[in-house]
1. For the A and B pair, go ahead and give the buried accessible area with a 1.4 Å probe, both sides summed, in Å² to 100.
2. Could you calculate the contour length gain from A:F133 to A:D102, that is, 0.36 nm times the residue separation minus the distance between their Cα atoms, to one decimal place in nm?
3. Rounded to the nearest 5, what % of the DSSP beta bridges within the protein assembly as shown are antiparallel ones?
4. Taking only Cα atoms, what is the 0 to 90° angle, nearest 10, from helix B:39-49's long axis to the longest principal axis of chain B?
5. So, R0 is 41 Å and r is the distance between the beta-carbons of A:E40 and B:E6; what FRET efficiency does that work out to, to 0.05?
6. Relative contact order of chain A: what whole-number percent is it, with Cα pairs under 8 angstrom and at least 6 residues apart?
7. Could you estimate the translational diffusion coefficient of the stretch A:91-134 from the Stokes-Einstein equation, with Rh from the Kirkwood formula over C-alpha pairs, at 4 °C and 1.567 mPa s, in whole µm²/s?
8. Considering the zone a paramagnetic label at A:Q119 would reach in this model (a point 7 Å from Cα along the Cα-to-Cβ line), which residues of the stretch B:82-125 have amide N under 18 Å from it?
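The values are calculated or read from the model by the stated rules, or taken from the named source; none is laboratory data. No experiment lies behind these values; they were computed from the predicted model shown. For neighbour counting, all protein chains shown are included, and Cβ atoms are generated from backbone atoms with ideal geometry for every residue, glycine included. Keep in mind that these areas ignore ligands, DNA and RNA; they rest on the heavy atoms of the full protein, side chains included. Shrake-Rupley method; radii C 1.70, N 1.55, O 1.52, S 1.80 Å.
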2 protein chains.
Amino acid sequence: MSHNMEEIAARLRGAGYRVTPQRQLILDAVCELGGHVTAEAVYESVQEIVPSLNQGTVYRALNFFCDERIVTATRQPDGRTVYELAGQNPHHHFVCQVCGADYEVSQQMLRPLFERARQEYGFAVEMDHISFFGRCRECR
Amino acid sequence: MSHNMEEIAARLRGAGYRVTPQRQLILDAVCELGGHVTAEAVYESVQEIVPSLNQGTVYRALNFFCDERIVTATRQPDGRTVYELAGQNPHHHFVCQVCGADYEVSQQMLRPLFERARQEYGFAVEMDHISFFGRCRECR
DNA sequence: CTCCTTATTGCAGTTACTTGCAATAGAGAA
DNA sequence: TTCTCTATTGCAAGTAACTGCAATAAGGAG
Ligand SMILES: [Mn+2]
Ligand SMILES: [Mn+2]
Ligand SMILES: [Zn+2]
Ligand SMILES: [Zn+2]
């Protein structure tokens, strides 16, 4: 996973947002830490570079990037939220509540359901990163 | 929505749990308030009958009932969790993020997806009350 | 009915995240 | 470069929900 900051910056500025060093550091951290990362981990990471950078700023930036669809978020059953670069391949997850096994599944897999939602209810699901919790084969 | 306390109480006692007045009040409140109800609303409701009843107890009881599959919970995008009696007809929701419109959809609708999860990954999804957020026809 | 084990409660403190506000600083205009 | 507007930050307080611990009480045994 990698991100093109130039491109993202241009898009954000074009929309009237500002590209601050804090936001760049935070996005870099999400990218470099890789995979599903907690706000806490991002905070600790950026903290090492700019100790004055505030936790509130981390949360706000992460939410901002989610709104802008630059990162995705999933709420875990433990109450924490994990973030990830909303890169090239949109996907969802099947997560085992017992052992934590995590199957990444493509957007495709949910298409039939979303299609039916649209046809039967005129409803357009707008979730690009869902986690379905349950049990894997071994844990049943 | 209604619940048979006798039956539930017997089942809980049989499993080694205790049926306390607090738990009964809390379950009654979820039932009587009806529909999707917040912990806050439950707390205020039981508070009127037993003012000493603690918020922590409400949260613990609600989680306990969720574990026992007696109530279901959904986390809303605003961060709050709403609870509901896990009654006769298991269902999920399509919720419009703009106007709040809420389509209740039967468990059936998700069966093909869950079936595929099982066949392709050996994964058994164990979520009985999912909310899919998006936009309704009018709000698009 | 009384006793005993231990599940549950009340309480207070903690965690994860959000928010109001005054100070700061992007970034477009001149 | 300088000015100006206002988006964003740091800070501190606020919120929903969770948790450790000592006191309480459910409910089975006798
Ligand atoms: Mn992911
Ligand atoms: Mn429901
Ligand atoms: Zn597993
Ligand atoms: Zn709508």
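1. It comes to approximately 2900 Å² buried between A and B.
2. Roughly 10.2 nm would be gained on extension.
3. Taking every DSSP beta bridge with both residues in the protein assembly as shown, the antiparallel ones total about 80 percent.
4. 20
5. Plugging the Cβ-Cβ distance into 1/(1 + (r/R0)^6) gives 0.35.
6. Relative contact order, chain A: 20 percent.
7. Using the Kirkwood radius from Cα pairs, D works out to 115 µm²/s.
8. Taking a point 7 Å out along Cα→Cβ of A:Q119, the residues of the stretch B:82-125 whose backbone N falls under 18 Å are B:105-116.
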